[in-house]
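S.K.: One structure, pasted below without further comment.
Every number in this text was worked out from the coordinates using simple rules, so none of it is lab data. Source: prediction; values computed, not measured. Cβ placement follows ideal geometry from the backbone for every residue including glycine, while neighbour counts extend to all protein chains displayed.
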Amino acid sequence: MSKQVIINADDFGLSPGVNQGIIQAYQAGGITSTSMMVNMPGFDHALSLAKSLPDLGIGLHFNLTYGRPVSDPAFVPSLVKPDGSFHQCQCGFIRDVADIAKELDAQWNVLVQAPLSPTHLDSHQLLHQNDPIIFQIMAEKAVRENIPLRRSQVRHASPDMPPPRMTDTILLDTYGDHEGLQRLLLYLYTLQDGITEIVCHPGYVDDALREISNWLDIREHELAVFVNPDVPRTLQALGIVPINYRAVVDTTHKSCELPPIQMTSPLKPVEKKRPRHVRQRLLKQQRLAKIHRLSKKRRTLRRPSSTRKRV
């Protein structure tokens, strides 16, 4: 079975700086797909960039936490604060099912009327993974529009309806630390058969972003990872096919849980036909894994081990 990967940059449309970073990563071969926020100040700028890139897969990044709704706030009262902006956290309020569905349709219609044909549906800040009600509403929308939905790492039931199309697996991580590139390449070396989505957030920091988000420098650090030529070179060397969500044509109904990458496991030996830079990269990964094992052994003597958590 072949290995295919969708590398999706979230938050297209958030700000002009974020847009520029995403396009740069796409042109460098580091990403294959993105998802659009239609109610953010960078939306029109993102549309102007997207029109010249027909092969870039663009989905809807459904948003209920940043900015204001596309719908009239009076028509979706459970989603907004008294000033008409979205609630930014789940603090003492309950979103009404009808309001969620109404705003999802409104955001979808903005993208379709742009006009763009969304390749898939996903959500900002993992809304559909963290909330089973939002998952069900988005799953119904995906089935109705005949597009894939981003896989959730939490299994949610979809009663009385066929499951939406999804990738086989999904990798949720950040790549803004000094080991970000090495971690990404290790994910590629250990990629499972089938279709995997890798989620990222590259971009440049600008004034518009500073007013909206506290995810700032990490975006530029991730951009440096996804414009690195080692990413497309490694994909080619390993025979991994880069795709976007247009290629997700069948539903794989299996557990959404992914086993963590075992940093302490020995990597597979490199075949002789692999290019020199790949062999050098693999040797470096083996050295890092050895250092990690020794460091972990020391830490276990002092305190309980911890697991990486996505911010």
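S.K.: So what's the net charge close to K3: Lys and Arg +1, Asp and Glu -1, counting the other residues with Cβ under 11 Å from its Cβ?
M.R.: Counting the neighbours of K3, the net charge comes to -2.
S.K.: Next question, about the same structure. Could you compute Rg(Cα) / (2.2 N^0.38 Å) for the stretch 197-254, with N its residue count?
M.R.: 1.52
S.K.: Counting pairwise Cα distances across the stretch 160-210, what percent come out greater than 16 angstrom?
M.R.: The share of Cα pairs beyond 16 Å in the stretch 160-210 comes to 57 percent.
S.K.: Next question, about the same structure. To the nearest 20 debye, what charge dipole does the stretch 84-222 have about its Cα centre, counting +1 at the Cβ of each Lys and Arg and -1 at the Cβ of each Asp and Glu?
M.R.: 400 debye
S.K.: Report the full-extension gain for the segment Q236 to R144: residue separation times 0.36 nm, less the Cα-Cα distance, to one decimal in nm.
M.R.: Here the answer is 29.6 nm.
S.K.: Please compute the contact order of the stretch 75-173 in relative form: average sequence separation of alpha-carbon pairs under 8 Å and at least six residues apart, divided by the residue count, as a percent.
M.R.: Reported as a whole number, the value is 20 percent.
S.K.: Roughly how many Å is it from the Cα centre of the stretch 146-171 to that of the stretch 57-73, as a whole number?
M.R.: For the stretch 146-171 versus the stretch 57-73, the Cα centre distance is 20 Å.
S.K.: For the stretch 1-58, what is one quarter of the convex hull surface built on the Cα atoms, given in nm²?
M.R.: Dividing the Cα hull surface by four gives the mean projection, 4.0 nm².
S.K.: Determine the dipole magnitude for the stretch 55-153: charges of +1 sit on the beta-carbon of Lys and Arg, -1 on that of Asp and Glu, nothing else is charged, the reference point is the Cα centre, and the result goes in debye to the nearest 20.
M.R.: Value, rounded to 20: 140 debye.
S.K.: What full-extension length gain, to one decimal in nm, is calculated for V249 and Q192 as 0.36 nm per residue of separation minus the Cα-Cα distance?
M.R.: Length gained between V249 and Q192: 18.7 nm.
S.K.: In sequence order, what are the phi-derived ³J(HN,Hα) couplings for the stretch 8-15 according to the Karplus relation 6.51 cos²θ - 1.76 cosθ + 1.60 with θ = phi - 60°, rounded to whole Hz, with x for glycine and proline?
M.R.: 9, 8, 6, 6, 4, x, 5, 7
S.K.: How high is the relative contact order of the stretch 1-77, in percent, with contacts defined as C-alpha pairs under 8 Å that are six or more residues apart?
M.R.: Once divided by the residue count of the stretch 1-77, the mean separation gives 31 percent.
S.K.: Can you give the net charge of the other residues whose Cβ lies under 15 Å from the Cβ of A224, counting K and R as +1 and D and E as -1?
M.R.: -4
S.K.: Can you list residues whose amide H is under 5 Å from G57's amide H, if they're 5+ apart or on another chain and H is modeled 1.01 Å from N?
M.R.: Counting only residues 5 or more places away or on other chains, the set is T34.
S.K.: Say each of D96 and K51 gets a label point 7 Å from the Cα, pointing the same way as Cα to Cβ; how far apart are those two points in nm?
M.R.: With each label placed 7 Å out from Cα toward Cβ, I get 3.8 nm.
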